[in-house]
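The values are calculated or read from the model by the stated rules, or taken from the named source; none is laboratory data. No experiment lies behind these values; they were computed from the predicted model shown. Don't worry about glycine lacking a Cβ; one is built from the backbone with ideal geometry, like all the others, and counts go over all protein chains shown. In case anyone asks, the SASA skips ligands and DNA or RNA and just uses the protein heavy atoms, side chains included. Shrake-Rupley method; radii C 1.70, N 1.55, O 1.52, S 1.80 Å.
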Amino acid sequence: MTRPLRMREGKWILGLAALSLLSSACAPQEYHADTPSQYQTAASCAQVNRDNLYAAAGYVNAYLTVATGDPAFPPWWEGGTTGDHPEWKLNDPYLGRGYEGAVTFEVAERLGFSKDRVRFVEIGFNESFAPGYKGFDFVLQQISYLPERAEGVDFSEGYYDVNQALVSMQGSPIADAASLEELKGATLGAPIGTTSLTYIEDNIQPSTQAVEGLKNGQVDGIVVDLPSATFITSVQIPKGVIVGQLPTVGSQEYFAMAFEKGSPLVECVNLALQEIKDDGTLEEIRKTWLSDDADAPVIEG
């Protein structure tokens with residue numbers, strides 16, 4: 001038996017029917033015995049679910065609702081503020097600029113959403129992977145997959161492999177550090193709740209820690225992902241230096257989109273991500289928006 005698609009604030013309840021481009025007058029569709037148990041493309045994922053769910057009147061008002069942080073920081077989001085969406089403090093995500101901005105709109109297109117059918121909402125970082133109802137379809141704001149985070153939300157496949165990096169100031173005692181051992185006596189900082197802070201605690205294990213103050217000398221260095229390190233040293237702190245990339249410990253860290261538990265959209269998004277990886281689109285997005293920091297030295301473990 002088919003069920004109607006109900007809307008709440010533009011978010012899908014039986015989500016995937018919202019991908020269809022059918023007329024609002026369509027009648028319920030019968031289940032087809034030849035429906036594949038696995039979809040081959042993001043488009044076929046949308047198509048099959050369109051055929052098997054009832055497109056309720058008014059479904060054409062459905063949007064793909066994406067959450068991210070505000071302010072949305074470079075190089076993940078770019079373009080500055082706009083008069084169209086002045087509520088966004090630093091970069092207007094509707095521009096689709098920056099690495100995560102470009103990934104968002106590329107995935108949306110593969111799912112069948114035109115640019116004017118994508119909308120954005122603000123969310124705090126820790127809230128983005130907290131358990132419970134989500135007033136959006138997915139969130140991306142440099143969220144690393146962790147098994148403990150996956151207890152509260154579902155994650156997509158990765159859209160960026162993460163290397164942590166250490167940023168300091170010119171002339172700092174750790175500016176030339178070449179090993180984790182040389183950082184043991186340093187005061188290091190990272191944003192609370194991030195894998196950067198976890199890396200400091202678990203792998204560097206310095207004698208003291210702080211979470212802010214590199215610019216005013218309260219800490220010797222901060223740990224962030226490598227693209228953020230490049231932005232910090234080139235724009236925010238001109239006298240800043242990338243001491244080096246921190247060695248990967250355990251499995252490769254990666255950024256992923258987070259969804260409400262049980263979201264039917266996860267499979268389709270994964271297919272869209274696989275498509276843009278396979279055809280080279282994701283690599284082109286990376287080259288466009290992220291600096292090539294392969295020359296940054298790797299600090300020894």
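So Y160 passes all but one of these: (1) buried (at least 21 other Cβ atoms within 10 Å of the Cβ); (2) more than 25 Å from K261 (Cβ to Cβ); (3) among the hydroxyl-bearing types (S, T, Y). Which condition number does it fail?
Status for Y160: all satisfied but (2).
Any residue that is of a type in the set (S, T, Y), in contact with a Gly (Cβ under 8 Å, 6 or more places away or on another chain) and in a strand (DSSP E or B) - is there at least one of those in the range 134-156?
Step one: of the range 134-156, the residues of a type in the set (S, T, Y) are 144-145, 156.
After this cut, where a residue has to be in contact with a Gly (Cβ under 8 Å, 6 or more places away or on another chain) as well, the list is 145.
Of the ones still in play, those that are also in a strand (DSSP E or B) are none.
Within the range 134-156 (the criterion being of a type in the set (S, T, Y), in contact with a Gly (Cβ under 8 Å, 6 or more places away or on another chain) and in a strand (DSSP E or B)), the answer is no, since none of the residues qualifies.
Which ones in the range 72-94 are open to solvent by 60 Å² or more (accessible area, probe 1.4 Å) and either within 23 Å of T230 (Cβ to Cβ) or not in a loop (DSSP other than H, G, I, E, B) (or both)?
As a first pass, look at the range 72-94 and keep what is open to solvent by 60 Å² or more (accessible area, probe 1.4 Å): 73, 81, 83-84, 86-87, 89-90.
Within the range 72-94, F73, T81, K89, L90 qualify.
Any chance the range 124-133 includes a residue that's within 30 Å of L282 (Cα to Cα), open to solvent by less than 20 Å² (accessible area, probe 1.4 Å) and either among the β-branched types (V, I, T) or at pLDDT below 90 (or both)?
Checked against the condition, which is being within 30 Å of L282 (Cα to Cα), open to solvent by less than 20 Å² (accessible area, probe 1.4 Å) and either among the β-branched types (V, I, T) or at pLDDT below 90 (or both), the range 124-133 yields no hits at all.
Output the number of residues of the range 163-193 satisfying the condition of being of a type in the set (V, I, T) and open to solvent by less than 20 Å² (accessible area, probe 1.4 Å). Lay out the reasoning, then the answer.
The initial filter retains those residues of the range 163-193 that are of a type in the set (V, I, T), namely 167, 174, 187, 192.
Now narrow it down to the ones that are open to solvent by less than 20 Å² (accessible area, probe 1.4 Å): 167, 174.
Selection size over the range 163-193: 2.
Out of the range 171-186, which residues are more than 14 Å from V243 (Cβ to Cβ) and not in a loop (DSSP other than H, G, I, E, B)?
none
I'd like to verify a number: residues in the range 133-167 that are touching a residue at least 24 places away in the same chain (Cβ under 8 Å) and more than 19 Å from P227 (Cα to Cα), how many?
Total satisfying the criteria: 15.
Filter the range 194-206 down to the residues that are among the charged types (D, E, K, R) and buried (at least 20 other Cβ atoms within 10 Å of the Cβ) and list them by number. Steps first, answer last, please.
So in the range 194-206, the residues among the charged types (D, E, K, R) come out as 201-202.
Across the range 194-206, there are no qualifying residues.
Return the residue satisfying two criteria in turn: it lies in the range 48-87 and is modelled with pLDDT under 90 and of a type in the set (S, T, N, Q), and of such residues it is farthest from T194 (Cα to Cα).
N52
Among the residues of the range 95-122, what is the count of those that are open to solvent by 10 Å² or more (accessible area, probe 1.4 Å) and either in a loop (DSSP other than H, G, I, E, B) or not basic (K, R) (or both)? Break it down stepwise before answering.
To start, the set of residues in the range 95-122 that are open to solvent by 10 Å² or more (accessible area, probe 1.4 Å) comprises 95-97, 102, 105-106, 109-110, 112-117, 119-122.
Pick out the ones that are also either in a loop (DSSP other than H, G, I, E, B) or not basic (K, R) (or both) and you get 95-97, 102, 105-106, 109, 112-114, 116, 120-122.
Result for the range 95-122: 14.
Taking the range 88-108 on its own, how many of its residues are over 22 Å from S263 (Cβ atoms), at pLDDT 95 or above and among the charged types (D, E, K, R)?
Here the count works out to 2.
For R149, all conditions in the list (1) over 30 Å from G301 (Cβ atoms); (2) in contact with a helix residue (DSSP H, G or I) (Cβ under 8 Å, 6 or more places away or on another chain); (3) open to solvent by less than 40 Å² (accessible area, probe 1.4 Å); (4) not hydrophobic (A, V, I, L, M, F, W, C) hold save one; what is the number of the exception?
It is condition (1) that R149 fails.
Return a yes/no flag: does the range 232-251 have any residue that is surrounded by 14 or more Cβ atoms within 10 Å (Cβ to Cβ), within 17 Å of the chain's Cα centre (by Cα) and either of a type in the set (K, R) or closer than 19 Å to D202 by Cβ (or both).
The answer is no, given that none of the residues of the range 232-251 is surrounded by 14 or more Cβ atoms within 10 Å (Cβ to Cβ), within 17 Å of the chain's Cα centre (by Cα) and either of a type in the set (K, R) or closer than 19 Å to D202 by Cβ (or both).
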